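Contents: one structure, followed by commentary.
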Amino acid sequence: MRQKFGETRSSIRDRHALICPDSHERTILEHWPDSLLIFVITPQMGARFTQYFVEMNDGATGGAPLAGIERFLFVLKGQAVLSIEGHGHELDEEGFALVPADTAHTVTARQGTRLIIYERPYIPLDGQGLPGPVVGNVRDVPAAPMKGDEMLMLQKLIPAQAEFDCEFNIMDFSPGASLPYVETHYMEHGLLMLNGGGIYRLDNCWYPVEGGDVIWMGPYCGQWFCAVGRSNARYLIYKNWYRDPLTPGAGGHAQ
Ligand code: UGY
Ligand code: MN
């Protein structure tokens, strides 16, 4: 949509960013032929991971990420076939997979396929091997109240096991529900609003947010959210997990 006065809700700050669909810029990469990519979070803004949308032509196939990089992918629209070391998995809407670093795989679009992907350097833990792949669908993952609040339901998509260094969760807020306090933590977040909307506090800024918006929260970005409106607000959120902050690569801004 043409913006007559150059306005946008997108806002890129030192320790957080809100990226709204109106400011998306598409690009291409060699290992994603026949697809358009929209990188919304990258190390260039200070993050230690990437988050990007993939718009695939029917039949398009994407290849694995760079060496040492693990990948989480989530189907926003359409269907995809994920082939991991020769085993095929059919993913439909809200299907997801965590593919461990250095694991051969391809993603092939079936129909009108739109993905959101997160990638990050895997951080091994002494004494632990690489995790295996995780494949599932949000509809099959049990939900539990977050910190006892029935108005805020949490689905954990990745098992809480030491070999994993990240978590991906769905948080579902009933209208009026909020995070209980302003969180501050060394871990980062990459968030995609799936449905509904509300007000996100990031550091000392308060932003209206809605479906399709992406948020980067860097280490120690103060964060709070309240769902506003008559329907639930739901988001997908990445967080680095279970690694000491002094582990090289575990926290802080990318160099
Ligand atoms: O797990 C979290 O840190 C989560 N509650 N943060 C957030 O929703 N901004
Ligand atoms: Mn948090």
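Summary table
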| quantity | calculated |
| --- | --- |
| Largest-first principal axis extents of the Cα set of the stretch 51-115 (Å) | 30, 25, 18 |
| Quarter of the Cα convex hull surface for the stretch 11-138, i.e. its orientation-mean projected area (nm²) | 8.6 |
| Within-11-Å neighbourhood charge of Arg234 [Cβ basis; K, R +1; D, E -1] | -2 |
| Peptide ranges 234-247, 141-154, 165-178 listed from the most packed, as the mean C-beta count within 10 angstrom indicates | 165-178, 234-247, 141-154 |
| Pairwise FRET efficiency - Glu7 versus Tyr242, Cβ, R0 = 51 Å, nearest 0.05 | 0.80 |
| Modelled FRET efficiency - R0 41 Å, His31 with Glu183, Cβ distances, 0.05 increments | 0.70 |
| Mean Cβ neighbour count within 10 Å, used as a protection proxy, ranking 14-26, 97-109 highest first | 97-109, 14-26 |
| The stretch 177-192 - phi-based ³J(HN,Hα) in whole Hz, Karplus 6.51/-1.76/1.60, Gly and Pro as x | 6, 9, 5, x, 7, 7, 7, 9, 7, 6, 6, 9, 10, x, 10, 10 |
| Note, ³J(HN,Hα) from phi for the stretch 32-42, Karplus 6.51, -1.76, 1.60, rounded to Hz, x at Gly and Pro | 10, x, 6, 9, 10, 10, 10, 7, 9, 9, 8 |
| Under 11 Å, Cβ to Cβ, from Val40 - net charge with Lys/Arg +1 and Asp/Glu -1 | -2 |
| Amide hydrogen neighbours beyond the local backbone of Val228, cut-off 5 Å, H modeled | Gly176, Gly197, Gly198, Ile199 |
| Straight-distance crosslink candidates among lysines, where the alpha carbon sits under 26 Å from Lys147 and sequence neighbours closer than 8 are dropped | Lys156, Lys239 |
| Once the Cα gyration tensor of the stretch 178-243 is diagonalised, semi-axes √(5λ) in Å | 20, 13, 10 |
| Amide hydrogen neighbours beyond the local backbone of Ile41, cut-off 5 Å, H modeled | Gln51 |
| Where Rh is the Kirkwood radius over Cα pairs, Rg/Rh for the chain | 0.94 |
| Virtual spin-label span in nm between Glu85 and Lys156, 7 Å along Cα→Cβ | 2.5 |
| Value of relative contact order over the chain, rounded to a whole percent, pairs C-alpha under 8 Å and six or more apart | 17 |
| Per residue, the convex hull volume that the Cα atoms of the stretch 126-255 enclose (Å³) | 127 |
| Amide proton proximity set for Ala60, modelled H, under 5 Å, gap of 5+ | Ala109 |
| Rounded to whole Hz, the Karplus (6.51, -1.76, 1.60) HN-Hα couplings of the stretch 145-154, x for glycine and proline | x, 7, 6, x, 8, 5, 7, 9, 9, 10 |
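Coordinate-derived values only; no laboratory data. All of these numbers come straight from a predicted model, not from anything done at the bench. All Cβ positions, even for glycine, are placed from backbone atoms using ideal geometry, and neighbour counts span all protein chains on display.
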